[in-house]
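The values are calculated or read from the model by the stated rules, or taken from the named source; none is laboratory data. Note that this is a predicted model, so its numbers are computed, not measured. Because the Cβ atoms are built from the backbone with ideal geometry, glycine has one as well, and the counts that use them run over all protein chains shown.
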Amino acid sequence: MFKGCKSALMASAIGVSFLMTLPSAMAKEAIFALPAPEVGVPAYNPITGVNTNSANGLIYDKLIERAVDQTYHGHLAESWEEAPDGMSWTFHLRKGVKFHNGDAFNAQTIKDWIPLYKGTESEYMVASIASVEVVDDYTVKFVMKTPDPNLLYNFSSSFLSVVDPKVFKELGADYGVTEAVGTGPYKLESFTVGQETVLTRNDDYTWGTDLSANRGPAKIDKLTFREIPEDSTAFLELKTGGVDMLLSVSTDYLPEIKAQADLGLISRPGTDLSYFVMNVTKEPFTDIRVREAAAKAINQAEILSSIYGGVGSTADTFLISSLPESKVKPEYKIAYDPEKAGKLLDEAGWVKGADGIRVKDGKPLAIALWTQSDSAFRRLTEVVQAELKAVGFDATITTFDSSMIRDEYKKDVHQAAVRSYEWDNADIIDWFFGGDRLGYPNISMFNDPKAEALRAKAMTGSKNSEERTANFLAYHEYVLSQFPFSPIYQPLDLSAYNKTKLVLPDEKAVPYFSSLILDLDTKE
């Protein structure tokens with residue numbers, strides 16, 4: 001009798017032990033490779049940071065989310081109203097939201113959060129707000145200095161992700177490195193700069209947007225974001241199971257993806273634009289004729305066909321073509337014109353030598369052409385190098401690690417570079433050509449008095465959306481006329497994933513990554 005009881009007790013203990021270990025054994029995990037432009041983010045600090053990555057959108061929520069079709073959806077704010085004169089906005093906040101550390105999210109959070117941007121690179125996004133008034137615990141009023149037709153967009157930006165103001169102040173410079181406290185569907189577990197970020201599920205999360213069928217918690221317990229700057233390495237990791245999804249995949253790999261039954265592809269309208277940029281303060285680009293010649297040496301159509309297999313579209317301005325501010329007059333669009341490029345260089349005194357390289361006052365038309373280490377950038381840069389040579393430039397490519405190149409730009413020793421950005425608002429012109437952002441992000445070092453006046457009017461002198469569009473068109477056209485850059489390519493937003501590991505919702509309706517993640521599941 002005693003023996004039987006002992007056996008039963010032992011069996012019971014083993015069963016309890018098994019049940020205790022079961023959740024851990026069955027925990028769902030997924031591994032992602034970040035896009036190359038997102039490699040090297042130094043901290044998960046949306047307030048002081050000048051670049052973010054995809055994991056940022058899972059740690060933090062925003063007041064408003066913007067969908068792929070550019071419609072606005074409430075998130076931490078359920079609804080909002082603008083005063084008829086544009087001089088105030090009232091936001092009604094979602095109830096029941098908590099930060100990862102248990103702190104409550106309410107109207108006082110917003111009042112304490114907005115002032116944190118003072119003196120930062122992103123201060124311009126809240127500069128039109130004169131004061132923040134707490135109407136009640138879940139209603140906040142923004143009293144404006146001037147009308148701001150871009151306010152909703154700003155509140156949907158990753159740089160206006162809502163942090164816990166108390167923790168932000170307590171940690172100071174360590175915020176976003178040792179700890180990052182938001183209200184998002186995942187919590188920061190660990191972060192090694194340039195290597196990986198590990199997030200764990202926020203089990204209390206129930207306030208996802210209507211962009212996801214699942215409002216939370218997320219279905220996957222643990223996410224790892226690896227930083228792999230080399231495209232070929234990242235793709236090999238996908239094929240061999242080292243990662244489950246590439247958040248950005250080069251068109252080079254489309255045939256192989258389509259040929260492999262275990263790989264799937266997600267395609268969305270892109271918000272990226274690749275471009276060739278010139279430092280207008282460095283010879284030979286102090287001469288606008290040389291800049292225009294270099295800009296018109298780039299054969300966008302050939303690049304689209306030969307490098308990207310016709311997937312995506314050519315670029316002829318600095319903005320993605322879906323934005324109204326990209327609809328500049330035809331004479332301002334920058335397009336391939338090698339004949340015009342040759343004539344401009346002739347006028348500037350650059351004479352073509354026997355080897356095809358132009359010379360002036362005994363000096364060759366030689367430039368250093370910077371690029372990033374991932375293969376997509378290098379290959380594009382090699383084509384740009386060849387196209388510049390065809391009109392007489394001797395361009396030598398210098399390659400930098402993707403995580404280090406921003407710091408190199410700040411030293412102001414570069415002459416030219418091949419770059420890209422990801423953004424879906426006209427204020428990116430302000431970001432990359434504003435006179436107060438020289439070095440980085442203003443790699444061109446463009447600082448023109450007329451441009452600055454047009455910039456100020458575009459950024460702060462508009463009473464409504466129509467005026468803002470018109471003012472940005474004028475600013476955009478002037479920047480184009482000064483040729484500090486040449487547009488190249490607009491890609492589609494392509495992601496590749498392992499079908500045997502991940503289960504996605506309807507691929508035709510896949511939203512941005514931060515919305516997709518709540519519906520994403522694993523087969524294990």
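Being among the hydrophobic types (A, V, I, L, M, F, W, C), without any contact (Cβ under 8 Å) to a residue 24 or more places away in the chain, in a loop (DSSP other than H, G, I, E, B) and over 22 Å from residue 441 (Cβ atoms) is the requirement here; does residue 354 meet it? Write out each step before concluding.
Values: among the hydrophobic types (A, V, I, L, M, F, W, C): yes; without any contact (Cβ under 8 Å) to a residue 24 or more places away in the chain: yes; in a loop (DSSP other than H, G, I, E, B): yes; over 22 Å from residue 441 (Cβ atoms): yes.
Answer is yes for this residue.
Yes/no matrix, rows are residues, columns are (1) within 13 Å of residue 419 (Cβ to Cβ); (2) not polar (S, T, N, Q):
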position: 361; (1), (2): no, yes
position: 377; (1), (2): yes, yes
position: 380; (1), (2): yes, yes
position: 383; (1), (2): no, yes
position: 389; (1), (2): no, yes
position: 393; (1), (2): no, yes
position: 399; (1), (2): no, no
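It is to be established whether one or more residues within segment 459-482 are part of a helix (DSSP H, G or I), aromatic (Phe, Trp, Tyr) and under 17 Å from residue 288 (Cβ atoms). The answer is yes; a qualifying residue exists. Of all residues in segment 309-321, those that are on the phi < 0 side of the Ramachandran plot and surrounded by fewer than 21 Cβ atoms within 10 Å (Cβ to Cβ) have Cβ atoms under 8 Å from Cβ atoms of residues that are part of a loop (DSSP other than H, G, I, E, B) and of a type in the set (S, T, N, Q), 6 or more apart or on another chain, in 313/321.
In summary, residue 322 fulfils each of the numbered conditions (1) within 30 Å of the chain's Cα centre (by Cα); (2) assigned to a helix (DSSP H, G or I) with the single exception of condition (2). Screening residue 69 against (1) out of contact with any Asp or Glu (no Cβ under 9 Å at 6 or more places or on another chain); (2) farther than 20 Å from residue 164 by Cα; (3) modelled with pLDDT under 95; (4) buried (at least 18 other Cβ atoms within 10 Å of the Cβ) leaves a single unmet condition, (4).
Working only within segment 159-186, note down all residues that are of a type in the set (Ser, Thr, Tyr) and buried (at least 17 other Cβ atoms within 10 Å of the Cβ). Write out each step before concluding.
Kept after step one, since they are of a type in the set (Ser, Thr, Tyr), are these residues of segment 159-186: 161, 175, 178, 183, 186.
Matches in segment 159-186: 161, 175, 183, 186.
For segment 146-167, the criterion of a residue being over 26 Å from the mean Cα position of the chain (by Cα), outside any strand (DSSP E or B) and modelled with pLDDT under 95 is satisfied by at least one position. Tell me which residues, restricted to segment 68-103, are among the acidic types (Asp, Glu) and not in a loop (DSSP other than H, G, I, E, B). Correct list: 78, 81, 82.
Number of residues in segment 138-157 that are of a type in the set (S, T, N, Q) and surrounded by fewer than 17 Cβ atoms within 10 Å (Cβ to Cβ): the value is 2.
Scanning segment 247-267 for residues that are farther than 18 Å from residue 303 by Cα and touching a Pro at 6+ places or on another chain (Cβ under 8 Å) yields 247, 248.
Evaluate segment 329-349: report whether one residue or more is assigned to a loop (DSSP other than H, G, I, E, B), more than 24 Å from the chain's Cα centre (by Cα) and at pLDDT below 95. No, segment 329-349 contains no residue that is assigned to a loop (DSSP other than H, G, I, E, B), more than 24 Å from the chain's Cα centre (by Cα) and at pLDDT below 95.
The residue that is modelled with the lowest pLDDT, among those in segment 196-246 that are more than 21 Å from residue 52 (Cα to Cα) and not in a loop (DSSP other than H, G, I, E, B), is 232.
Is it the case that some residue within segment 86-93 is polar (S, T, N, Q) and surrounded by 19 or more Cβ atoms within 10 Å (Cβ to Cβ)? There is no residue in segment 86-93 that is polar (S, T, N, Q) and surrounded by 19 or more Cβ atoms within 10 Å (Cβ to Cβ).
Can you say whether residue 241 is free of Cβ contacts under 8 Å to residues at least 60 places away in the same chain, over 23 Å from the mean Cα position of the chain (by Cα), on the phi > 0 side of the Ramachandran plot and loosely packed, with under 15 Cβ neighbours inside 10 Å, as far as the supplied structure shows? No: the conditions fail for residue 241.
When only residues in segment 386-414 that are of a type outside the set (Gly, Ala, Ser) and buried (at least 20 other Cβ atoms within 10 Å of the Cβ) count, which is nearest to the chain's Cα centre (by Cα)?
Going residue by residue through segment 386-414, those that are of a type outside the set (Gly, Ala, Ser) are 387-389, 391, 393-394, 396-401, 404-414.
Then drop every residue that is not buried (at least 20 other Cβ atoms within 10 Å of the Cβ), which leaves 387-388, 391, 393, 405, 409, 414.
Values: 387: 28, 388: 28, 391: 33, 393: 32, 405: 16, 409: 18, 414: 23 Å.
Taking the candidates together, the pick is 405.
Selection of segment 127-137 for residues being free of Cβ contacts under 8 Å to residues at least 60 places away in the same chain and either buried (at least 19 other Cβ atoms within 10 Å of the Cβ) or hydrophobic (A, V, I, L, M, F, W, C) (or both) yields 129, 130, 132, 134, 135. If you go through segment 168-194 and pick out every residue that is at pLDDT 95 or above, over 22 Å from residue 117 (Cα atoms) and not in a strand (DSSP E or B), you end up with 1.
Across segment 272-279, not a single residue is classified as surrounded by fewer than 22 Cβ atoms within 10 Å (Cβ to Cβ) and either β-branched (Val, Ile, Thr) or assigned to a loop (DSSP other than H, G, I, E, B) (or both).
Of the residues making up segment 110-145, those that are of a type in the set (Val, Ile, Thr), assigned to a loop (DSSP other than H, G, I, E, B) and over 15 Å from residue 459 (Cβ atoms) number 1. Given the criteria hydroxyl-bearing (Ser, Thr, Tyr) and part of a helix (DSSP H, G or I), does residue 381 qualify? Against the criterion (hydroxyl-bearing (Ser, Thr, Tyr) and part of a helix (DSSP H, G or I)), residue 381 qualifies.
Exactly one residue out of 457, 450, 463 is basic (Lys, Arg), at pLDDT below 90, over 23 Å from the mean Cα position of the chain (by Cα) and closer than 30 Å to residue 85 by Cα: that is 463. For segment 204-217, the criterion of being out of contact with any Asp or Glu (no Cβ under 9 Å at 6 or more places or on another chain), acidic (Asp, Glu), surrounded by fewer than 20 Cβ atoms within 10 Å (Cβ to Cβ) and under 17 Å from residue 105 (Cα atoms) is met by at least one residue. Could you grab me the full set of residues in segment 180-201 that are under 20 Å from residue 76 (Cβ atoms) and out of contact with any His (no Cβ under 6 Å at 6 or more places or on another chain)? Those that are under 20 Å from residue 76 (Cβ atoms) and out of contact with any His (no Cβ under 6 Å at 6 or more places or on another chain): 180, 182, 183, 184, 185, 186, 188, 199, 201. The set of residues from segment 142-181 being hydroxyl-bearing (Ser, Thr, Tyr), touching a helix residue (DSSP H, G or I) at 6+ places or on another chain (Cβ under 8 Å) and in contact (Cβ under 8 Å) with a residue 60 or more places away in the chain comprises 146, 157, 158, 161, 175.
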